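Below: the structure, in structure tokens.
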Amino acid sequence: MRQSHLFTKTRKSAPKDEVAKNAQLLIRAGYIHKEMAGAYAYLPLGLRTFNNIVSIIREEMDAIGGQELTLTALQNPTLWERSGRWSDEAIDVWFKTTLKDGAEVGLAVTHEEPLTALMTEYIQSYKDLPKYAYQFQTKFRNELRAKSGIMRTREFVMKDLYSFSRDEKEFRTFYEKCAEAYKKIFDRAGIGAQTFRTFASGGSFSKFSDEFQTICDAGEDTIYVHRKKGIAVNKEVYTDEVLAELGIKRDELEEMKAVEVGNIFPLGTRFSDVLGLTYKDEEGKEVPVVMGSYGIGPGRLMGTIVEVLGDEKGLVWPKEVAPYPVHLVSIAGGNKEVTEEADRIYDLLLENGIEALYDDRDARAGEKFADSDLIGIPTRFVVSEKTMAQGAVEAVNRADGVSSLVPESGIVEYLGRSD
């Protein structure tokens, strides 16, 4: 992508009503557009970043046996009435509307009901289990507070996976596999060191559920972190009884603010009971399916990465998340030879399967460097008269600002490094 062709532009300031760091930086860098409170459009750079996060999540869900599908956002009240979750008293963030024929429909806040009903067509025998189905699907929630940028919105994409198991033992085996997969996702997204598996309330389904909480000053949750064990406890279950069960003491814990970036939740037979999802065991007995749900919001994860890693200059993307692996910046100053050299390196990258954002604009060096820092791509290659004289490009690491000269023959190898 040549930056001169990119329709978005950087901004010196974000909208005055935008208070969240993640939204301020993403708007200024041209990644997102605020449509209204709690609703954001993803622009070209933002969509590439978002899709990279989706790819990480998809790869890890596929690796543990997940099968991807897409369910409808429009929801018939009938199923939800059977589960008792259609009323606003049960779920107070519904968006509901009326069709022209007078029928009422909702915009899905989650998908336990429709997927459970769907599975009654495909699960009849113990031989049909276990199954793990997931989707990336737009959810709608009528949030009262939508002020945390893309970390809390009224319209957002959710990866929600649902497990269907024969019994509690089979369910727990997969539950732990999913917890490990989540750890890999957050490691790959660059925030693994700041993210803790956190014991939280299981509500009406179980004693505990597990949240994955990232330490962050902008967080809305309070957690108590046990760094040695790599776990945490949510304030809502922070009691002596829970601590004793976990084998930890109060003086071993640190109180921190955090953002919930994912959750895994035991559902038991809550939905299979009311929606008739059963299977025949080896003796021919009808048994309810044991279920679990597992959620990650790619947009919330993207916003959290910005909150945790962004600095005073702008965005700082981890390698697997960044919209491009390299930002090629030409400092030509009217020198045709520099422009030709930068064009040649851009073509060299493409020939080797490396996509780059190429700043070919006619702009001052200071403006280009400031924009590059704001956009936050991990590696910047600078082509100038000075670098040409040395037969190299200047490589600048966005995270720490360290620069080095890389000969043209070593460019591809340099970008292939794991660090």
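The values are calculated or read from the model by the stated rules, or taken from the named source; none is laboratory data. Predicted model, so just to flag it, every value in this text is computed and none were measured. Here Cβ is always computed from backbone atoms with ideal geometry, including for glycine, and neighbour counts include all displayed protein chains.
Quick check: anything in region 226-236 assigned by TED's automatic domain parsing to the domain that holds TYR182, within 27 Å of the chain's Cα centre (by Cα) and closer than 30 Å to ARG82 by Cα?
Taking region 226-236 and keeping what is assigned by TED's automatic domain parsing to the domain that holds TYR182, we get 226-236.
Then drop every residue that is not within 27 Å of the chain's Cα centre (by Cα), which leaves 226-236.
If we keep only those that are closer than 30 Å to ARG82 by Cα as well, we get 236.
Among the residues of region 226-236, at least one is assigned by TED's automatic domain parsing to the domain that holds TYR182, within 27 Å of the chain's Cα centre (by Cα) and closer than 30 Å to ARG82 by Cα, which makes the answer yes.
Enumerate the pairs (first residue in region 148-170 and at positive phi; second residue anywhere and among the charged types (D, E, K, R)) with beta-carbon separation below 9 Å, excluding pairs fewer than 6 apart on the same chain, so at least 6 apart or on different chains.
Qualifying pairs under 9 Å: GLY149/GLU18; GLY149/LYS21; GLY149/LYS34; GLY149/GLU307.
Could you tell me which of the residues LYS235, LYS229, LYS257, LYS313 is modelled with pLDDT under 95 and farther than 22 Å from LYS169 by Cα? Break it down into steps so the answer makes sense when it comes.
Numbers: LYS235 fails: modelled with pLDDT under 95; LYS257 fails: modelled with pLDDT under 95; LYS313 fails: modelled with pLDDT under 95.
So the residue among LYS235, LYS229, LYS257, LYS313 that is modelled with pLDDT under 95 and farther than 22 Å from LYS169 by Cα is LYS229.
Mind checking whether some residue in region 235-258 is touching a helix residue (DSSP H, G or I) at 6+ places or on another chain (Cβ under 7 Å) and crowded, with 20+ Cβ neighbours inside 10 Å?
No: region 235-258 contains no residue that is touching a helix residue (DSSP H, G or I) at 6+ places or on another chain (Cβ under 7 Å) and crowded, with 20+ Cβ neighbours inside 10 Å.
Name the residue that is nearest to GLU282 (Cα to Cα), counting only residues in region 94-129 that are touching a helix residue (DSSP H, G or I) at 6+ places or on another chain (Cβ under 8 Å) and touching a residue at least 60 places away in the same chain (Cβ under 8 Å).
Step one: list which residues in region 94-129 are touching a helix residue (DSSP H, G or I) at 6+ places or on another chain (Cβ under 8 Å), which gives 104-106, 108, 112-114, 116-117, 120, 122, 129.
Imposing the further condition that a residue be touching a residue at least 60 places away in the same chain (Cβ under 8 Å) reduces the set to 112-113, 116-117, 120, 129.
Working: GLU112: 27, GLU113: 27, THR116: 22, ALA117: 23, THR120: 18, LEU129: 12 Å.
Ranking the candidates gives LEU129 first.
If you check LEU6, LEU71, which single one turns out to be surrounded by 13 or more Cβ atoms within 10 Å (Cβ to Cβ), touching a His at 6+ places or on another chain (Cβ under 8 Å), of a type in the set (A, V, I, L, M) and in contact (Cβ under 8 Å) with a residue 24 or more places away in the chain? Lay out the reasoning, then the answer.
Numbers: LEU6 fails: touching a His at 6+ places or on another chain (Cβ under 8 Å).
None of the other options fit; the residue is LEU71.
Could you go through region 133-140 and let me know if any residue there is touching a Pro at 6+ places or on another chain (Cβ under 8 Å) and either basic (Lys, Arg) or in contact (Cβ under 8 Å) with a residue 24 or more places away in the chain (or both). Break it down into steps so the answer makes sense when it comes.
Taking region 133-140 and keeping what is touching a Pro at 6+ places or on another chain (Cβ under 8 Å), we get 136.
Adding the requirement that they be either basic (Lys, Arg) or in contact (Cβ under 8 Å) with a residue 24 or more places away in the chain (or both) leaves 136.
Looking for residues that are touching a Pro at 6+ places or on another chain (Cβ under 8 Å) and either basic (Lys, Arg) or in contact (Cβ under 8 Å) with a residue 24 or more places away in the chain (or both), one finds at least one in region 133-140, hence yes.
Looking at SER372, is it free of Cβ contacts under 8 Å to residues at least 24 places away in the same chain and under 28 Å from LEU26 (Cα atoms)?
On the way: free of Cβ contacts under 8 Å to residues at least 24 places away in the same chain: no; under 28 Å from LEU26 (Cα atoms): yes.
Considered against the rule, which asks whether it is free of Cβ contacts under 8 Å to residues at least 24 places away in the same chain and under 28 Å from LEU26 (Cα atoms), SER372 comes out as no.
Would you pick out the residues in region 364-386 that are outside any helix (DSSP H, G or I) and over 14 Å from VAL338 (Cα atoms)? Break it down into steps so the answer makes sense when it comes.
Filtering region 364-386 down to residues outside any helix (DSSP H, G or I) leaves 364, 376-384.
If the condition is that a residue be outside any helix (DSSP H, G or I) and over 14 Å from VAL338 (Cα atoms), then ARG364, GLY376, ILE377, PRO378, THR379, ARG380 are the ones that fit.
Of the numbered conditions (1) touching a helix residue (DSSP H, G or I) at 6+ places or on another chain (Cβ under 9 Å); (2) at pLDDT below 95, ASP17 satisfies every one except a single condition; which is it?
Result: ASP17 fails condition (1) only.
Within region 87-96, can one find any residue that is touching a Leu at 6+ places or on another chain (Cβ under 7 Å) and closer than 24 Å to GLY299 by Cβ?
So in region 87-96, the residues touching a Leu at 6+ places or on another chain (Cβ under 7 Å) come out as 95.
Now narrow it down to the ones that are closer than 24 Å to GLY299 by Cβ: 95.
Yes, there is a match, as at least one residue in region 87-96 is touching a Leu at 6+ places or on another chain (Cβ under 7 Å) and closer than 24 Å to GLY299 by Cβ.
Looking at region 317-337, can you tell me whether even one residue there is without any contact (Cβ under 8 Å) to a residue 60 or more places away in the chain, charged (D, E, K, R) and either closer than 30 Å to ASP167 by Cα or crowded, with 18+ Cβ neighbours inside 10 Å (or both)?
no
In the set GLY192, GLY149, GLY106, GLY202, which member is of a type in the set (Gly, Ala, Ser) and touching an Asp or Glu at 6+ places or on another chain (Cβ under 8 Å)? Steps first, please.
Working: GLY192 fails: touching an Asp or Glu at 6+ places or on another chain (Cβ under 8 Å); GLY106 fails: touching an Asp or Glu at 6+ places or on another chain (Cβ under 8 Å); GLY202 fails: touching an Asp or Glu at 6+ places or on another chain (Cβ under 8 Å).
When all the criteria are applied, what remains is GLY149.
Applying the selection to region 387-411, what residues are surrounded by 13 or more Cβ atoms within 10 Å (Cβ to Cβ) and either in the same structural domain as ARG28 (by TED's automatic domain parsing) or not in a helix (DSSP H, G or I) (or both)? So that I can check it myself, show each step before the final result.
Here is the first cut: in region 387-411, the ones surrounded by 13 or more Cβ atoms within 10 Å (Cβ to Cβ) are 387-388, 392-399, 405-406, 408, 410-411.
Passing the criteria: ALA392, VAL393, GLU394, ALA395, VAL396, ASN397, ARG398, ALA399, LEU405, VAL406.
When region 262-291 is examined, which residues are found to be in a helix (DSSP H, G or I) and either in contact with a strand residue (DSSP E or B) (Cβ under 7 Å, 6 or more places away or on another chain) or within 18 Å of GLU170 (Cα to Cα) (or both)?
First pass over region 262-291, keeping only residues in a helix (DSSP H, G or I): 270-275.
Answer for region 262-291, where residues must be in a helix (DSSP H, G or I) and either in contact with a strand residue (DSSP E or B) (Cβ under 7 Å, 6 or more places away or on another chain) or within 18 Å of GLU170 (Cα to Cα) (or both): ARG270, PHE271, SER272, ASP273.
Tell me, which residue of region 221-248 that is polar (S, T, N, Q) and in contact (Cβ under 8 Å) with a residue 12 or more places away in the chain is nearest to ARG197 (Cα to Cα)?
Initially, region 221-248 is screened for residues polar (S, T, N, Q), giving 222, 234, 239.
Next cut, in contact (Cβ under 8 Å) with a residue 12 or more places away in the chain only: 222, 234.
On the way: THR222: 13, ASN234: 10 Å.
That would be ASN234.
Test each condition in (1) of a type in the set (Ser, Thr, Tyr); (2) closer than 25 Å to ASP362 by Cα; (3) not in a loop (DSSP other than H, G, I, E, B) for TYR294 and report the one that comes out false.
(2) is the only condition that TYR294 fails.
Going by the structure shown, is GLY190 surrounded by fewer than 18 Cβ atoms within 10 Å (Cβ to Cβ), on the phi > 0 side of the Ramachandran plot and part of a loop (DSSP other than H, G, I, E, B)? Please lay out each step first, then the result.
On the way: surrounded by fewer than 18 Cβ atoms within 10 Å (Cβ to Cβ): no; on the phi > 0 side of the Ramachandran plot: yes; part of a loop (DSSP other than H, G, I, E, B): yes.
So GLY190 does not fit the description; no.
Looking only at region 9-46, which residues are assigned to a loop (DSSP other than H, G, I, E, B) and touching a Phe, Trp or Tyr at 6+ places or on another chain (Cβ under 8 Å)?
In the first step, residues of region 9-46 are kept if they are assigned to a loop (DSSP other than H, G, I, E, B); the result is 9-20, 29-31, 37-38, 43.
Those that are assigned to a loop (DSSP other than H, G, I, E, B) and touching a Phe, Trp or Tyr at 6+ places or on another chain (Cβ under 8 Å): TYR31, LEU43.
Could you give every pair whose Cβ atoms fall below 7 Å, whose first residue belongs to region 388-404 and is farther than 20 Å from ILE375 by Cα and touching a residue at least 12 places away in the same chain (Cβ under 8 Å), and whose second residue is among the hydrophobic types (A, V, I, L, M, F, W, C) and surrounded by fewer than 18 Cβ atoms within 10 Å (Cβ to Cβ), counting only separations of at least 6 or pairs across chains?
GLN390/LEU405; ALA392/LEU405
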